[in-house]
Amino acid sequence: MHELLSLNVRQKISLSTQEEELLKTFFIPKKLRKKQFLLQEGEVCQYAAFVEKGLLRSYTVDKKGNEHILQFAMEGWWISDLFSFYSGEPSVYMIEAMEDAELLLIKKDRYEDLLQAIPSMERYFRLLLQNNLIATQRRLNDKLSLPAEELYLKLIDTCDSIPQRVPQHMIASFLGITRETLSRIRKQLSSSHKK
């Protein structure tokens, strides 16, 4: 079950065969059924999760009951509430499986042990955090400056399986647009491809 994690790590750093075997011992395999939660609002986030199979989402619900999706995570991606994970403060997010999922979880104390046991993993996680910060800044800038159609096209460019795996209302929530706007964009793109 650790194949995708090993591949993901190898894309960023080099580990010896012994280190790869040791790495596996720090993770807890976990299966979630569709609609099952890894994290609920108000809980302290105990784990950083690597997605081996399936699709999850991280989101909040505002006072009016509207969902605001922060992140989707599919095969080969990580998901967590990093603030809660590192600080021990209660989370404001929920993390839910959108499909049956297979995860590899690491607890905070095991994460610290991992960095001691395999020092090069510090570089791996630094690169993950660095890439996440860059992606978050770009997404924020895009949301503030790009028209809705370009936001949708960027999302599809990043992950072309999203429209098949995620309901339209959730894509709209992630992009910060209305369902009607997303429907109009999809219709326009569909008709322009038929020409």
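The values are calculated or read from the model by the stated rules, or taken from the named source; none is laboratory data. On a predicted model such as this, the values are computed, not experimentally measured, just so you know. Please note: Cβ atoms are built from the backbone with ideal geometry, for glycine as well, and neighbour counts cover all protein chains shown.
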Near pairs, Cβ below 9 angstrom, 6+ apart or cross-chain, from the range 59-70 (assigned by TED's automatic domain parsing to the domain that holds SER173 and at negative phi) to any residue that is of a type in the set (Ser, Thr, Tyr) and in a strand (DSSP E or B): none
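For the range 7-23, name all the residues that are surrounded by 12 or more Cβ atoms within 10 Å (Cβ to Cβ) and either within 19 Å of SER80 (Cα to Cα) or of a type in the set (A, V, I, L, M) (or both).
Initial filter on the range 7-23 (surrounded by 12 or more Cβ atoms within 10 Å (Cβ to Cβ)): 8-10, 12-13, 15, 19-23.
Listed by number, the residues that qualify are ASN8, VAL9, ILE13, LEU15, LEU22, LEU23.
More than 25 Å from ARG165 (Cβ to Cβ), of a type outside the set (A, V, I, L, M) and at pLDDT 95 or above: is that true of GLU96 in this structure? Spell out how you get there, then give the answer.
Details: more than 25 Å from ARG165 (Cβ to Cβ): no; of a type outside the set (A, V, I, L, M): yes; at pLDDT 95 or above: yes.
In short, no.
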Looking at the range 119-157 only, could you name the residues that are over 19 Å from the mean Cα position of the chain (by Cα) and within 19 Å of ALA49 (Cβ to Cβ)? MET121
Can you pull out the residues in the range 76-103 that are closer than 13 Å to LEU55 by Cα and assigned to a strand (DSSP E or B)? TRP78, ILE79, ILE95, GLU96, ALA97, ALA101, GLU102, LEU103
Looking at MET121, is it in the same structural domain as LYS12 (by TED's automatic domain parsing), surrounded by 14 or more Cβ atoms within 10 Å (Cβ to Cβ) and in contact (Cβ under 8 Å) with a residue 40 or more places away in the chain? yes
Which ranges mark the helices (runs of 4 or more DSSP H) fully within the range 117-191 that have 3 or more residues being hydroxyl-bearing (Ser, Thr, Tyr) and farther than 21 Å from LEU56 by Cα? 120-145
Of all residues in the range 59-80, count the ones that are within 16 Å of LEU128 (Cβ to Cβ) and surrounded by fewer than 21 Cβ atoms within 10 Å (Cβ to Cβ). 6
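May I ask you to say which residue of GLU96, GLU89 is within 14 Å of the chain's Cα centre (by Cα) and of a type outside the set (A, V, I, L, M, F, W, C)?
Among GLU96, GLU89, only GLU96 is within 14 Å of the chain's Cα centre (by Cα) and of a type outside the set (A, V, I, L, M, F, W, C).
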The condition of being acidic (Asp, Glu), in contact with a helix residue (DSSP H, G or I) (Cβ under 8 Å, 6 or more places away or on another chain) and closer than 19 Å to TYR93 by Cα holds, among GLU52, GLU67, GLU75, only for GLU67
Specify the residue that is nearest to the chain's Cα centre (by Cα); the eligible residues are those in the range 47-75 that are part of a strand (DSSP E or B) and of a type in the set (Asp, Glu). GLU52
